[in-house]
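Below is one structure, written out as structure tokens; the observations come after it.
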Amino acid sequence: MRDENPIRYDPDRGVWDVFRYDDVKRVVREYELFSSSTNFQPGDDVAGGQDANLSAEKNESESGLFGEMLVKTDPPKHDRIRSVVAEHFQADALQSYRPRVETIANELVDDLKRGRVDLVDAFSYPLPVDVIAGVIGVPREERATFKRWSDALTDVASEPGDGDDLTQPEVMMQMGEYFQKRLADRRESPRDDLLSAIATAGDAESALSDREAVSLCIILLIAGNITTTNLLTNAVWSFHEHGILDDVQTGAVPLRPAVEEVLRYRSPLHSVDRVARRDIELGGETIEAGDYVVAWLGSANRDGRHFDSPDEFDPTRRPNDHLAFGQGIHYCLGAPLAHLEADIGFSALFDRFEITDVDTNDLQRSPSGVYGLEELVVTLA
Ligand code: HEM
């Protein structure tokens, strides 16, 4: 597609697909041209032009709390919401989470046993859920509930009514009620956690509405879970596949750039969506106002126009300016946290165990829309 059809309209899905690095970067960055609000309709910009999320609010009953999600908002609303938590996710602030993340990683590793283990179930899944629960300030014991919520929201393969699966509206309602209660508690008696920061944010003008505050908690809880799970699993899978797992475990191949290469080579989030705010010329095509656009990050990250030997896994690749965390104003808020989890999680694991084998027979894709594996059985010694 990159060579032959880099920008194409797919009539079956009713969307434009964009495949090349430079084009994907433009679509993702240029928020004045491409709205993140998937309820955006042409004309929303015209009336006063202050808040481009008008349709999201108009369609509130349909989109529910999703319409309020940070990642689905445009400036100025986006900037107002993001500023409430931005500093808590910057690299400096994250250093204060280090001991908490180390404790969580060590506890998980304590529970591992030698022999064959599903890495997803035992390590890659619980680590990010526990970490974000700790950072937000919700008790660890409620992890099982979060897992159910997270699964129900990301499991595109499950149909409503499957077993005891919750439907997405049910999950949103349960999470909404849950966080509303917790935020009310923190307003009464603030603590040193993110819930308190959100509950007590700003002055009267910049304060978050109840719905915005609840949505922010929800996106923080779900955005970093399945993505980081797949990063951790894809890392072990890729290191094994490319014969460097031993060297990564001993430290002969440095972890940080190797993880960066995993983000490029097997990007957990393959695509992000936008809506054209006006008619836009892109690569000789005219995308019309109101059209949906899918920017393929996973494809951009393998574009030979930008990366040398794009299909080679090079754990020391430099520079490695992949788009796995997006670009511009929506650049992943949790990117430093995801890196911290990979650093600390793998250090804890490799300190105590050696992965001597990885079973790559019959690998199954994760049922979520995120790119990774449903399970990865490894042998721990
Ligand atoms: C390897 C792990 C992760 C990957 C690949 C990833 C990927 C992304 C991408 C591509 C975006 C941009 C979406 C867009 O432009 O439409 C994004 C945004 C976001 N991510 Fe992550 N993410 C990861 C981990 C996390 C973690 C751990 C958190 C924890 C809080 C998080 C929270 C967010 C939030 C809140 C946004 C929205 C930012 C905004 O709209 O301003 N992510 N992420």
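Residues satisfying the criterion are absent from region 340-347 (criterion: out of contact with any Ser or Thr (no Cβ under 7 Å at 6 or more places or on another chain), more than 22 Å from P126 (Cβ to Cβ) and aliphatic (A, V, I, L, M)). Scanning region 327-345 for residues that are surrounded by fewer than 20 Cβ atoms within 10 Å (Cβ to Cβ) and near the ligand (Cβ under 8 Å from one of its atoms) yields G328, I329, Y331, C332, A335. Consider region 164-192 and keep the residues that are surrounded by 15 or more Cβ atoms within 10 Å (Cβ to Cβ) and aliphatic (A, V, I, L, M). The one that is modelled with the lowest pLDDT is L166. Taking helices (runs of 4 or more DSSP H) as the structural unit, those lying wholly within region 71-118 and holding at least 3 residues that are over 15 Å from D130 (Cβ atoms) and either within 16 Å of the ligand (Cβ to nearest atom) or touching a Ser or Thr at 6+ places or on another chain (Cβ under 9 Å) (or both) correspond to 77-85, 91-95. For the list (1) surrounded by fewer than 17 Cβ atoms within 10 Å (Cβ to Cβ); (2) free of Cβ contacts under 8 Å to residues at least 60 places away in the same chain; (3) away from the ligand (no atom under 16 Å from the Cβ), I need the number of the one condition that D321 fails. It fails just one condition, (3).
Here are some residues: A381, A348. Which one is more than 9 Å from the ligand (Cβ to nearest atom), among the hydrophobic types (A, V, I, L, M, F, W, C), farther than 29 Å from R148 by Cβ and touching a residue at least 60 places away in the same chain (Cβ under 8 Å)?
Values: A348 fails: farther than 29 Å from R148 by Cβ.
Criteria check complete, one pass: A381.
For every residue, the table says whether it meets (1) within 16 Å of the ligand (Cβ to nearest atom); (2) without any contact (Cβ under 8 Å) to a residue 24 or more places away in the chain; (3) in contact with a strand residue (DSSP E or B) (Cβ under 9 Å, 6 or more places away or on another chain).
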position	(1), (2), (3)
S189	no, yes, no
L194	yes, no, no
E212	yes, no, no
S215	yes, no, no
L221	yes, no, no
I226	yes, no, no
T233	yes, no, yes
W237	yes, no, yes
E241	no, no, yes
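Residues in region 294-318 that are within 14 Å of the ligand (Cβ to nearest atom) and in contact with a His (Cβ under 9 Å, 6 or more places away or on another chain): how many? Here the count works out to 6.
Just one of (1) surrounded by 22 or more Cβ atoms within 10 Å (Cβ to Cβ); (2) modelled with pLDDT under 95 fails for G283. It is (1).
The values are calculated or read from the model by the stated rules, or taken from the named source; none is laboratory data. Remember, it's a predicted structure, so these values are computed and weren't measured experimentally. Because the Cβ atoms are built from the backbone with ideal geometry, glycine has one as well, and the counts that use them run over all protein chains shown.
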